[in-house]
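*Asks:* Take this structure first; my questions come after.
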Amino acid sequence: MRWLVVFLVAGFLAATPALAVQPDEVLADPVLEERAREISSGLRCLVCRNESIDESHAELARDLRLLVRERLIAGDTNAEAIDYIVARYGEFVLLRPTFDGSSIVLWLAGPLLLLLGLGLSVGYVRGRARAAAPAEAGLSAQEQSRLEAILGEDHHHR
Amino acid sequence: MIIELGHFALVLAFAVAIFQMVVPMVGAERGSAAWMATADPAATAQFVLTAFSFAALTYAFVTSDFSLSLVVANSHTDKPLLYKITGVWGNHEGSLLLWVLILTLFGACVAWFGQGLPPTLRARVLAVQSSVAVAFFAFILFTSNPFLRLASPPFNGQDLNPLLQDPGLAFHPPFLYLGYVGLSMSFSFAVAALIEGRVDAAWGRWVRPWTLAAWIFLTIGIGLGSWWAYYELGWGGFWFWDPVENASFMPWLISAALLHSAIVVEKRESLKSWTILLAILAFGFSLIGTFIVRSGVLTSVHAFANDPERGVFILMILGVFMGGALLLFALRAGAMEAKGVFSTVSRESGLVLNNLLLAVACFVVFIGTIWPLIAELFFDRTLSVGPPFFDAAFTPFVFGLAVALPIAAMMPWKRATLAKPLRALIPAAVLGLAVGLLTWAVFTGRTAIAPLGVGLAVWIVIGALTDLWTRTGRGDLAGRLGRLTRLPRADWGKAVAHAGVGFTIFGVVTLTGYQIEDIRVAREGEAYIVGAYEIELIGVDENLRGPNYFASMAAVAVRNADTGTLIDTLHPERRIYPVAGMPTTEAGINGGITRDVYVTLGDPQDGGGWALRVWIKPFANWVWGGAIIMALGGCLSLSDRRYRIAAGASRRRREPSGVPAE
């Protein structure tokens with residue numbers, strides 16, 4: 001689905017497609033490597049469209065992947081390594097928007113609408129259930145006795 | 001000459017569409033049968049003219065008529081015939097022509113098969129449908145004309161984007177368009193009903209097959225696109241939460257909600273105004289999808305063109321149709337009072353919950369998709385909303401739906417108890433829990449989402465089977481099995497489609513949770529172990545020639561790591577299409593029911609050897625298998641007796657009274 005990505009990337013690489021993560025980038029320590037992969041799948045490739053640096057073939061993505069690994073080797077925590085990248089490239093690189101400022105609206109929009117919808121639905125369903133109630137309880141004493149009379153008659157016929 | 005005739009037919013179809021938009025509508029208003037009756041031949045004429053126009057463009061592509069600028073930009077004489085034909089819709093102008101071709105085809109279907117509809121409703125439906133056609137004919141003729149000639153034709157064309165030269169993608173757009181445009185039928189029915197001021201069970205029965213058909217096409221279209229991304233893009237991703245994927249996913253979610261709420265209208269005459277609103281919104285999301293793809297406001301991977309003029313035109317179409325329909329809705333919806341009465345625990349309320357979750361899930365996708373735009377316009381923040389957001393915000397809705405689905409599906413109409421379906425579902429719950437826990441125990445320390453998803457998938461599939469089985473009533477096994485085969489197809493369709501949801505969930509969570517990846521420099525003749533397999537690069541042929549590309553192709557042996565027996569020899573490729581100047585990767589995949597072995601070839605390394613990536617992807621095919629099963633369930637439901645009989649019966653009813661004066 002992302003032919004344009006590949007198209008744009010192709011511009012950067014002139015001709016040859018490369019693998020996303022190159023064998024020479026992989027760290028010897030599997031724990032560090034796992035953390036590096038986790039971080040890079042949350043960072044956006046700046047020259048691509050909507051692709052993480054972990055998936056991207058672009059040179060810049062490779063540089064960023066190496067940078068992340070350098071920071072991890074230097075002893076950064078995941079959060080510190082991400083902050084390091086964000087400080088240089090802006091929050092645009094974060095594929096997961098932070099929970100602050102105006103972005104709180106983004107995060108809370110779904111849950112709030114769900115609550116609102118739940119309220120409306122419960123109101124509607126209750127309304128439908130109540131719509132039945134008056135018809136059932138709405139018999140006056142007179143109607144009730146007449147109903148019993150009819151039912152009684154019916155019994156006699158049998 | 002044929003090109004000019006095609007162009008002329010398109011202009012003529014535009015004129016017929018304007019006529020059909022106005023005359024039948026006025027006729028329905030004034031009660032003139034003669035005016036209303038003009039809608040049928042007009043709809044047929046529109047379709048025939050558009051089909052001729054489309055055929056003319058196809059002819060230009062097949063014969064490589066390079067005097068057409070569109071053919072120059074998207075074709076080449078060396079291209080295989082199949083892709084010359086699919087190249088017709090592999091571009092903005094041609095795909096829009098396909099869009100209106102399908103639109104006019106559906107309109108004509110109402111004229112041909114809609115004899116059972118009340119005449120005023122049919123006239124209004126066709127008029128509204130035609131107004132959509134008018135907007136798109138104008139869009140094509142004024143901003144995106146496919147029939148523009150070049151003064152000095154070049155010797156050869158610039159070739160179709162190589163990634164589009166693939167069977168998976170060649171048929172992905174037509175299916176999506178069938179879905180998008182199918183929703184325009186639901187829209188037309190909704191607006192016509194608002195103008196009529198009447199929504200009843202018959203309306204629900206009429207609108208549901210269209211919605212169901214649209215949903216089936218969307219399911220297949222999205223599935224094809226996802227499958228294509230999986231095998232073609234070279235790392236086996238199948239869903240990226242890209243704006244354009246979301247653009248097709250939002251109408252899918254809303255149409256799924258719509259086809260459920262239309263059942264309530266049909267069976268219980270409740271949820272009427274909500275169903276009308278969903279029908280309007282479903283088409284609205286189709287238009288938003290078109291807008292996102294064509295305008296380039298949301299930088300997306302498959303935006304056809306960053307053309308603001310076209311974007312503004314679609315925005316106008318969106319504004320007119322959504323604004324108009326929603327205004328009409330606000331004015332008239334109050335008149336649609338509900339008739340059906342049901343208690344708090346009933347299938348009706350189960351379907352309300354289904355609609356709530358699907359609609360809010362769709363809203364979450366929508367706000368995530370447009371948030372970068374909002375943040376930039378109103379808050380001056382340049383940010384990204386990517387897969388981690390959608391995974392976190394969307395997944396809970398899927399799980400909520402998955403938990404409720406089997407229970408709600410088994411509740412009877414009007415008045416139900418939770419105890420009865422729950423008792424029947426004990427085996428499903430126990431099995432789901434057991435499989436989920438087992439998965440969690442086997443893969444301790446990994447993500448908790450995957451075992452949860454596996455358990456829920458089992459719960460849904462077994463739940464669907466339980467639903468079918470309880471429908472056979474009581475009695476001996478033979479009797480129940482006999483009744484099972486005689487159940488209405490709608491029951492089968494429901495169970496099959498619901499099971500499909502389970503299969504897809506299972507495939508998605510296992511594939512994302514438990515895939516094994518290996519990246520290394522592979523040297524020829526050196527075998528190594530990945531998962532339960534032994535991988536060996538046998539050799540690379542660097543000088544292959546295809547019909548319109550050059551390639552390097554590797555031979556990679558995949559063996560069973562324990563026994564050493566050869567399972568398959570895979571041939572991952574790297575291709576370069578010289579005319580388009582573009583490289584692509586072709587993965588080597590050994591597919592299977594329980595896992596795919598997925599190999600891609602990278603660069604040759606300085607010190608010898610090649611970069612090679614190998615994945616073991618568990619249950620990958622279940623993702624698309626589930627989509628096929630869902631679509632199959634939809635087809636079963638669509639072929640149910642009551643839709644076939646309803647159409648025939650109404651025809652019979654009409655015969656004695658004769659055909660109204662025409």
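*Asks:* Sort chain B into rounded, prolate or oblate with this rule: let a ≥ b ≥ c be the square roots of the eigenvalues of the Cα gyration tensor; rounded if a/c is under 1.5, and if a/c is not under 1.5, prolate when a/b is larger than b/c, oblate otherwise.
*Replies:* Note, shape of chain B comes out oblate.
*Asks:* Please label the shape of the stretch B:123-242 as rounded, prolate or oblate, based on the square roots a ≥ b ≥ c of the eigenvalues of the alpha-carbon gyration tensor (a/c under 1.5 means rounded; beyond that, a/b larger than b/c means prolate, else oblate).
*Replies:* Oblate.
*Asks:* Taking a ≥ b ≥ c as the square roots of the eigenvalues of the Cα gyration tensor of the protein assembly as shown, is the shape rounded (a/c under 1.5), prolate (a/b larger than b/c) or oblate?
*Replies:* Cα axes put the protein assembly as shown in the oblate bin.
*Asks:* Treat the count of other C-beta atoms within 10 Å as a stand-in for reagent exposure and order B:Glu93, A:Glu70, B:Glu573 from fewest to most.
*Replies:* Listed from fewest to most nearby Cβ atoms, that is A:Glu70, B:Glu573, B:Glu93.
*Asks:* Continuing with this model, one more query. Taking the Cα centre of chain B as origin, sum charge times position over the Cβ atoms of Lys and Arg (+1) and Asp and Glu (-1), and report the length of that vector in debye to the nearest 20.
*Replies:* That gives chain B a dipole magnitude of about 3360 debye.
*Asks:* With just the Cα atoms defining each centre, how far is the stretch B:404-459 from the stretch B:304-380? Give it in Å.
*Replies:* One Cα centre to the other: 31 Å.
*Asks:* If you don't mind, another one. Counting only helical runs of four or more DSSP H residues, what would the 222 nm mean residue ellipticity of chain B come to if each run contributes -39,500 (n - 2.57) and the total is spread over all its residues?
*Replies:* Computed ellipticity for chain B at 222 nm equals -22000 deg cm²/dmol.
*Asks:* Would you be so kind as to identify which of B:Phe619, A:Val47, B:Val22 lies farthest towards the positive end of the dipole of the protein assembly as shown, taking Lys and Arg as +1 and Asp and Glu as -1 on Cβ and the Cα centre as origin?
*Replies:* Value: B:Val22.
*Asks:* Now a separate question. Excluding A:Arg65 itself, what net charge comes from residues whose Cβ is under 13 Å from its Cβ, given Lys and Arg +1 and Asp and Glu -1?
*Replies:* -4
*Asks:* Would you kindly derive the ³J(HN,Hα) couplings of the stretch B:75-84 from the backbone phi angles with the Karplus curve 6.51 cos²θ - 1.76 cosθ + 1.60 (θ = phi - 60°), listing them in order in whole Hz, with x for Gly and Pro?
*Replies:* For the stretch B:75-84, the Karplus-derived couplings read 9, 7, 5, 6, 5, x, 4, 3, 7, 5 Hz, x marking Gly and Pro.
*Asks:* While we're on this one: What is the fewest-to-most order of B:Trp89, B:Trp274 by other Cβ atoms lying within 10 Å of their Cβ?
*Replies:* B:Trp274, B:Trp89
*Asks:* For the stretch B:553-628 and the stretch B:132-177, what is the centre-to-centre distance using only Cα atoms, to the nearest Å?
*Replies:* Going from one Cα centre to the other spans 32 Å.
FYI, it's all coordinate maths here, none of it is from the lab. All figures in this text were calculated on a predicted structure; none of them were measured in a lab. FYI the Cβ positions are ideal-geometry reconstructions off the backbone, even for glycines, and counts take in every protein chain you see.
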